[in-house]
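Peer 1: First the structure, which I've put down as structure tokens, then a few questions once you've had a look.
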Amino acid sequence: MSQAAATIAETPASNRFALAALILGGAAIGGSPIFVRLSEVGPMATAFWRVALALIPIFIFSLAKGKDAGPKPEKLSDYALLILPGVVLAMDLAAWHLSITMTSVANATLLANLAPVFVTVIGFLFFGAIVTRVFVLGLVLALAGLVILKGGPVALGNGDLRGDGVAVIAAVFYAGYILAIGKLRSRFDTVRIMLWSTASAAACIFPLGFFYEGHMLPPTAYGWAIVFGLAFVSHAGGQVAIAYALAYLPAAFSSLTLLLQPVVAAILAWVLLSEPIGPMQAIGGIVVLAGILIARRG
């Protein structure tokens, strides 16, 4: 039995709840491309409002928890560790939103979701993580499902190479974010981590939006509704659920499960944007789910 499977066997109830939170978090974040597509401001400004507005529910929840929020940072190194995930998240969001404007949405979504590959590689090289053959098989199958979902290998050549490269950079940053959050959850409460990381992400991404795009404020109530939805549903809801799950599930497995995001995005695009789901998309979704189930066994 693998280390991940042993952990799940020891605490089945908590791990089942964590898995449910992880899937819900991945689904919530899966809706973010729809919000970004419908936003009335640029990609950097949209990324800023995503994290800045998410501070509202996170801060309220942290006040409600009060003393139950767990240990507080004491040393300068503690504050640095709490800020680091936000800095990495800001770079991930900036790169991913930018890649959408430089290449096709299919390419940007697919390549940005290569984060599990980088999580596994980084964990293996620097943290001594155990990677089983069954997990690798599940990972390969899930990634193959993503390629099918986005139209097959031929679709990978339909985007601008620079945009594709920026999407890959986003995947690297997201892998770093997942690993950083996973390490922090053993020391600090989820809400405290999200409060610090979200605030630092907003502080980092605001200059990018202000100086790169200039126009930061949505011009209509509809535009504000879009950025509020992105902040409350995709970030405050999705990221908190994922941060909670990472306390109980291995980072590599967690990042693999988040490959559900493009599946959710495809379904929402079909319902809300009238983008049809053909046989390739349906088969790809099934293959992704099969890969996740196999990886869980590893």
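Peer 1: Can you list residue pairs whose Cβ atoms sit under 6 Å apart, with the first residue in region 122-133 being in contact (Cβ under 8 Å) with a residue 40 or more places away in the chain and farther than 19 Å from A171 by Cα and the second being in a loop (DSSP other than H, G, I, E, B) and of a type in the set (F, W, Y)? Count only pairs 6 or more apart in sequence or on different chains.
Peer 2: Short answer, once both residue conditions are applied: none.
Peer 1: Enumerate the helices (runs of 4 or more DSSP H) found wholly within region 184-252, keeping only those where 3 or more residues are over 30 Å from F127 (Cβ atoms) and of a type in the set (A, V, I, L, M).
Peer 2: Passing ranges, in order: 221-229.
Peer 1: Something else: So, in region 40-64, exactly how many residues are modelled with pLDDT of 85 or more, of a type in the set (S, T, N, Q) and surrounded by fewer than 21 Cβ atoms within 10 Å (Cβ to Cβ)?
Peer 2: Matching residues across region 40-64 total 0.
Peer 1: With the requirement that a residue be of a type outside the set (A, V, I, L, M, F, W, C) and surrounded by fewer than 24 Cβ atoms within 10 Å (Cβ to Cβ), what does region 93-108 give you?
Peer 2: Hits for region 93-108 are T101, T103, S104.
Peer 1: Which one of these does V136 not meet: (1) β-branched (V, I, T); (2) more than 15 Å from Q239 (Cβ to Cβ); (3) modelled with pLDDT under 80; (4) under 21 Å from the mean Cα position of the chain (by Cα)?
Peer 2: The failed condition is (3).
Here's the yes/no breakdown for (1) at pLDDT below 75; (2) under 20 Å from A112 (Cβ atoms); (3) aromatic (F, W, Y):
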{"site": "P218", "(1), (2), (3)": "no, no, no"}
{"site": "A225", "(1), (2), (3)": "no, no, no"}
{"site": "I242", "(1), (2), (3)": "no, yes, no"}
{"site": "A252", "(1), (2), (3)": "yes, yes, no"}
{"site": "S255", "(1), (2), (3)": "yes, yes, no"}
{"site": "G285", "(1), (2), (3)": "no, yes, no"}
{"site": "R297", "(1), (2), (3)": "yes, no, no"}
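Peer 1: Just the residues that are among the basic types (K, R) and at pLDDT below 75, please, taken from region 65-118.
Peer 2: K65, K67
The values are calculated or read from the model by the stated rules, or taken from the named source; none is laboratory data. Not measured: the values here are computed from a predicted model. All Cβ positions, even for glycine, are placed from backbone atoms using ideal geometry, and neighbour counts span all protein chains on display.
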